[in-house]
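A.B. asks: One structure, as structure tokens, below. Some questions next.
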Amino acid sequence: MITYILGAGPAGLAAGYYMTRIGCAVTVLEAEREYGGFARTFCHGPFRYDTGAHRFHDKDAEITADIQDLMGNELIKVHAPSQIYWNGRYLDFPLSPVNVARRIGIGTFVRAGADFAFARLRRSKRDEWNFAAKAYRKYGKTIADAFLIGYSEKLWGVPAQKLMPEVSGGRLKGLSARTMLYELLRGKQEKTEHLDGSFYYPRQGYGQIAERLAASIGKENIRLSTRVTKLRHDGTTIQLIECEGHESARPKRVVSSLPQSVLLRLLDPAPPRQLIEIAEGMKFRDLILTALFLNRTQVSRNASIYFPSEDVPFTRLYEPKNRSIELAPPSQTCAVVEIPCFADQPIWVENDTDLIGNVTRELERAGLIRGDDVIGGKVHRLRRAYPVLEIGIHEKLDELRRYLQRFVNLYVVGRTGRFEYTHVHDLLRQGKELAKLMQTEAATDLTLQRVHSG
């Protein structure tokens with residue numbers, strides 16, 4: 001029998017890739033016309049750009065080795081810093097103490113230093129029960145308010161006091177006495193490496209990873225434009241998958257990377273109503289990507305530029321060409337900005353031409369481009385880009401997890417599936433661990449068969 005994987009985003013493809021490697025028969029079902037999910041690369045004429053400012057960081061040596069083996073010489077090492085644009089100045093990102101001291105002015109720096117010392121003396125890690133508390137303890141009020149609180153509220157659409165501490169990811173690192181000494185003693189180049197300015201990236205865009213994963217699974221085993229309509233079960237086992245067009249299949253296992261609200265609504269018989277309400281109440285942040293195609297060689301040297309100001313509608317700009325020179329012609333470049341929002345906000349349905357014009361004016365105001373540099377633009381709207389991790393979310397997830405665990409052949413993976421803020425290397429690790437579990441189960445089944453047949 002076949003294991004069916006629901007969703008051909010990075011989580012579903014990672015699960016399929018590792019399961020195929022151990023000899024499992026898999027079929028991936030994807031409702032959309034293409035695979036890759038939030039790890040795709042768009043093409044527009046000679047320009048290529050991703051669904052976000054993606055980078056592959058070497059955070060898991062085993063997974064990095066797997067990706068290097070998968071990608072071969074198509075995976076390159078990139079050294080490019082990221083910065084914050086604040087009050088007309090550029091600061092290192094993550095925040096760097098020596099750079100902060102030089103850029104924010106002596107008065108603000110003295111006040112920030114006093115806040116920092118006070119925060120460390122008065123607060124302990126036990127106080128870090130929400131993102132705002134963690135940011136204030138780590139950096140003090142002056143720095144946190146300037147660079148982190150407003151930015152995070154713009155990114156997530158929720159007051160910082162209502163966000164879980166883990167939404168910070170790697171943002172709350174770098175500003176410490178230890179880091180300052182590191183910078184002073186090791187110099188600028190070492191600082192760039194230390195502040196995550198070094199990463200891996202595919203030559204033709206991040207979507208190449210999805211392409212290689214799909215090729216390894218076998219594209220004949222990936223069914224695009226196939227929407228699942230029901231998962232029929234007996235209370236403990238998923239027995240039948242039904243798809244549009246009255247197709248059906250009996251799965252050995254089901255691996256779901258779908259949002260839990262979608263997964264629960266597919267189950268037949270339906271789960272308790274209160275569980276569906278919990279799942280549907282969990283927020284996802286949507287994303288508008290606006291790409292500007294520019295008749296100039298480069299906007300900046302940065303991999304990404306962050307915009308914490310509430311006056312600017314977008315949070316981040318990335319320039320694909322700074323990841324790989326093959327993503328734009330030699331004399332031209334592309335700049336992509338990310339505008340986080342909810343799909344029920346007016347900006348979600350704003351005219352594309354107006355969005356492109358507004359982004360152009362903001363980047364002109366920041367001194368990054370001139371209006372006559374722009375030779376074209378493209379807008380993409382991406383639903384459920386980021387799970388919003390609000391206070392109390394873990395209790396809700398635990399309740400949903402307890403219900404789903406009753407299905408012995410159902411497994412949940414992925415950023416949207418598990419409602420976790422994860423990166424591609426995390427999703428590959430999930431896929432690899434799932435394949436190991438499948439091997440163990442297969443070995444147990446074989447042992448039982450031998451015992452019973454003996």
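A.B. asks: If you check Gly367 against the conditions, is it over 29 Å from Val158 (Cβ atoms), among the small types (Gly, Ala, Ser), assigned to a loop (DSSP other than H, G, I, E, B) and not assigned by TED's automatic domain parsing to the domain that holds Pro159? Don't jump to the end; show me each part of the working.
C.D. replies: On the way: over 29 Å from Val158 (Cβ atoms): yes; among the small types (Gly, Ala, Ser): yes; assigned to a loop (DSSP other than H, G, I, E, B): yes; not assigned by TED's automatic domain parsing to the domain that holds Pro159: yes.
Criteria met by Gly367.
A.B. asks: In addition: Check off (1) modelled with pLDDT under 90; (2) of a type outside the set (Lys, Arg); (3) at negative phi; (4) crowded, with 16+ Cβ neighbours inside 10 Å for Glu153 and give me the number that stays unchecked.
C.D. replies: (1)
A.B. asks: Of all residues in the stretch 291-349 being in contact with a helix residue (DSSP H, G or I) (Cβ under 6 Å, 6 or more places away or on another chain) and basic (Lys, Arg), which is nearest to His57 (Cα to Cα)?
C.D. replies: Once the filter is applied, the top-ranked residue is Lys321.
Conditions (1) assigned by TED's automatic domain parsing to the domain that holds Gly431; (2) β-branched (Val, Ile, Thr), marked per residue:
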site: Gly7; (1), (2): yes, no
site: Pro10; (1), (2): yes, no
site: Ala15; (1), (2): yes, no
site: Ile22; (1), (2): yes, yes
site: Val26; (1), (2): yes, yes
site: Ala31; (1), (2): yes, no
site: Glu34; (1), (2): yes, no
site: Thr51; (1), (2): no, yes
site: Asp60; (1), (2): yes, no
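A.B. asks: Still on this structure, I have one more. Any idea how many residues of the stretch 74-119 are under 23 Å from Asp311 (Cβ atoms) and of a type in the set (Lys, Arg)?
C.D. replies: Selection size over the stretch 74-119: 3.
A.B. asks: In the same structural domain as Gln405 (by TED's automatic domain parsing) and within 25 Å of the chain's Cα centre (by Cα): is that true of Pro259 in this structure?
C.D. replies: So Pro259 passes the test.
A.B. asks: Among the listed residues Gly207, Gly235, Gly218, identify the single one that is of a type outside the set (A, V, I, L, M) and either at negative phi or surrounded by 15 or more Cβ atoms within 10 Å (Cβ to Cβ) (or both).
C.D. replies: The unique qualifying residue is Gly207.
A.B. asks: Against the condition surrounded by 18 or more Cβ atoms within 10 Å (Cβ to Cβ) and in contact with an Asp or Glu (Cβ under 7 Å, 6 or more places away or on another chain), how does Gly36 come out, does it pass?
C.D. replies: no
A.B. asks: Can you tell me which residues in the stretch 261-315 are touching a residue at least 24 places away in the same chain (Cβ under 8 Å), more than 29 Å from Ala366 (Cβ to Cβ) and of a type in the set (Val, Ile, Thr)?
C.D. replies: Correct list: Ile278 only.
A.B. asks: What number of residues within the stretch 321-357 are assigned to a helix (DSSP H, G or I), in contact with a Leu (Cβ under 9 Å, 6 or more places away or on another chain) and either under 14 Å from Leu382 (Cβ atoms) or modelled with pLDDT under 95 (or both)?
C.D. replies: Qualifying residue count for the region: 1.
A.B. asks: Just checking, does the stretch 220-235 include any residue being touching a residue at least 40 places away in the same chain (Cβ under 8 Å) and basic (Lys, Arg)?
C.D. replies: Yes, the stretch 220-235 has at least one match.
So that you can scan it fast, the table gives a plain yes or no per residue for (1) of a type outside the set (A, V, I, L, M, F, W, C); (2) in a strand (DSSP E or B):
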residue: His394; (1), (2): yes, no
residue: Arg401; (1), (2): yes, no
residue: Tyr411; (1), (2): yes, yes
residue: Tyr421; (1), (2): yes, no
residue: Leu428; (1), (2): no, no
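The values are calculated or read from the model by the stated rules, or taken from the named source; none is laboratory data. None of these values were measured; they are calculated from a predicted model. Ideal geometry is used to build each Cβ from the backbone, glycine not excepted, and the neighbour counts take in all protein chains shown.
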